[in-house]
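Okay, so here's the structure we're looking at.
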Amino acid sequence: MNITIVGTGYVGLVTGACLAELGNNVTCIDIDKSKVDMLNKAKAPIFEKGLENLLKNHAGKKLNATNQLPQTAEVIFICVGTPSREDGSTDLKYIENAARDIGKKLKSKKDYCVVVVKSTVPPKTTESLIHILEKESGKKCGKDFGIAMNPEFLREGNAVYDFMNPDRIIIGANDDKSYEKVYGLYKNFKCPILSTDLRTAEMIKYTSNAFLATKISFSNEIGNICKALNIDVYDVMNAIGIDKRIGRAFLNAGIGYGGSCFPKDVKSLISTAKNVDVSPKILNAVIGVNENQPLKIVELAKKKLGTLKDKKITILGLAFKPDSDDMREAPSIKVINELLASSCKLAAYDPIANENAKKIFGDKIEYASSLKGALAFSDIIFILTEWEEFNDEKLYKDKIVFDGRYVLKKKSDKNYEGVCW
Ligand code: NAD
């Protein structure tokens, strides 16, 4: 099938590369020229396992990048960002701009195609795009073109694997023709494919992320109680996670969730609820716990070391999760800002996120190019991301370690403090 992807970030690029791997002809569009240039050289602008290989195999063949929408698309995926506004609601300007561009193109397009929203958008947004598409194209949705909502559930760091091995696929559509076209792309996947209307598909994505964020904040709250009682919260979570009704995933207590999705999606769902006069108590608590959780590790250090003023501290891990270079809303940002406010001198090391961290902290901190270099900087260590290479007790001989991610799992060592254990 001829596919166009509008917005070639984490979701768009992974979707495009995987659909090319599945035999489709994919055109990736982005307003960022540097991304387009990199893709055409088979270089990935982001780090994702397996992505560069897919680009090597398909760039210039089944996968091409440009900044112009082509005429040939049978399916156009919208994968642009949907960031938070100051008040927590979702800023729809990128998605509306993308819909306008697509609408203009549809005007001169002869063949039927389906516009598929893959970005995470508040319920009713896709319906509102129909109006924009019809206005710009002068054509009728359901007759001249179709519309669908197909939320994405991939995890950064495992995005290629997750796209190829989904737990389920949701296709929201208002008419059979739109549904069938999108179904055609996924029909060989061995997972449930659920058909819904547009706004249900949108709501499924928010509910999924809000539930996962809730599990994390719940674990952190239990972790804070466990810490005060000298109980290892991981012993507790490992035990309750065996219960099939609960499940073990997302019960890892620590310094909280971050990334481009959970923080903004929970806020957006709260904003959606408020718009329909529902006051969401659990969701507000989820955010409340998460905002405070990164600061717990700084409190622990202050309790153990007294004032942190002028102390040299090594930060291990900057990305919001391992196997990713994404720093968006990473808990490390809050921790580092708090330590800088306490006049600490910091050197940070992340296997792949140092460059993205430089865009946030500039020269306020030092960046170590190796784990060894980072450990040589100081005897006080904060572990903020659970990278595999940090999981070696021998590295920390004679160091004081504050572990935000249960990397070392040490229970009784006077030089080791876990944030919730
Ligand atoms: P991103 O910021 O990495 O990528 C968005 C891209 O869209 C950018 O490259 C930007 O230049 C481009 N863009 C913006 N406006 C454009 C336009 N008019 N035409 C062409 N390109 C345009 O964002 P992302 O992380 O890939 O997220 C995209 C959407 O997918 C969001 O709604 C997000 O919530 C959702 N989502 C993200 C993830 C994730 O793990 N990152 C997972 C599931 C869903």
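Points worth noting:
- Near pairs, Cβ below 8 angstrom, 6+ apart or cross-chain, from region 8-37 (in the same structural domain as residue 160 (by TED's automatic domain parsing) and closer than 9 Å to residue 63 by Cβ) to any residue that is of a type outside the set (A, V, I, L, M) and within 6 Å of the ligand (Cβ to nearest atom): 16/8; 28/8; 28/12
- Against the test of being in contact with a strand residue (DSSP E or B) (Cβ under 7 Å, 6 or more places away or on another chain), buried (at least 17 other Cβ atoms within 10 Å of the Cβ) and without any contact (Cβ under 8 Å) to a residue 60 or more places away in the chain, the options 95, 102 yield a single qualifying residue, 95.
- Region 108-165: number of residues that are small (Gly, Ala, Ser), in a helix (DSSP H, G or I) and either farther than 28 Å from residue 324 by Cβ or touching a Phe, Trp or Tyr at 6+ places or on another chain (Cβ under 6 Å) (or both): 2
- Taking the criterion of being surrounded by 13 or more Cβ atoms within 10 Å (Cβ to Cβ) and more than 18 Å from the chain's Cα centre (by Cα), the residues of region 255-278 that qualify are 270, 271, 272, 273, 274.
- Test set (1) farther than 25 Å from residue 379 by Cα; (2) assigned to a loop (DSSP other than H, G, I, E, B); (3) touching a Ser or Thr at 6+ places or on another chain (Cβ under 7 Å) - residue 322 fails condition number: (1)
- Residues (more than 13 Å from the ligand (Cβ to nearest atom) and farther than 18 Å from residue 71 by Cα) located in region 22-36: 22, 23
- In region 336-366, residue farthest from residue 302 (Cα to Cα) [restricted to those that are in contact with a strand residue (DSSP E or B) (Cβ under 7 Å, 6 or more places away or on another chain) and buried (at least 20 other Cβ atoms within 10 Å of the Cβ)]: 357
- Scanning region 387-414 for residues that are more than 20 Å from residue 354 (Cβ to Cβ) and in contact with a strand residue (DSSP E or B) (Cβ under 7 Å, 6 or more places away or on another chain) yields 396, 399, 400, 401, 402, 403, 406, 408, 410.
The values are calculated or read from the model by the stated rules, or taken from the named source; none is laboratory data. Here the structure is a predicted model, which is why all the values come from computation and not from measurement. For neighbour counting, all protein chains shown are included, and Cβ atoms are generated from backbone atoms with ideal geometry for every residue, glycine included.
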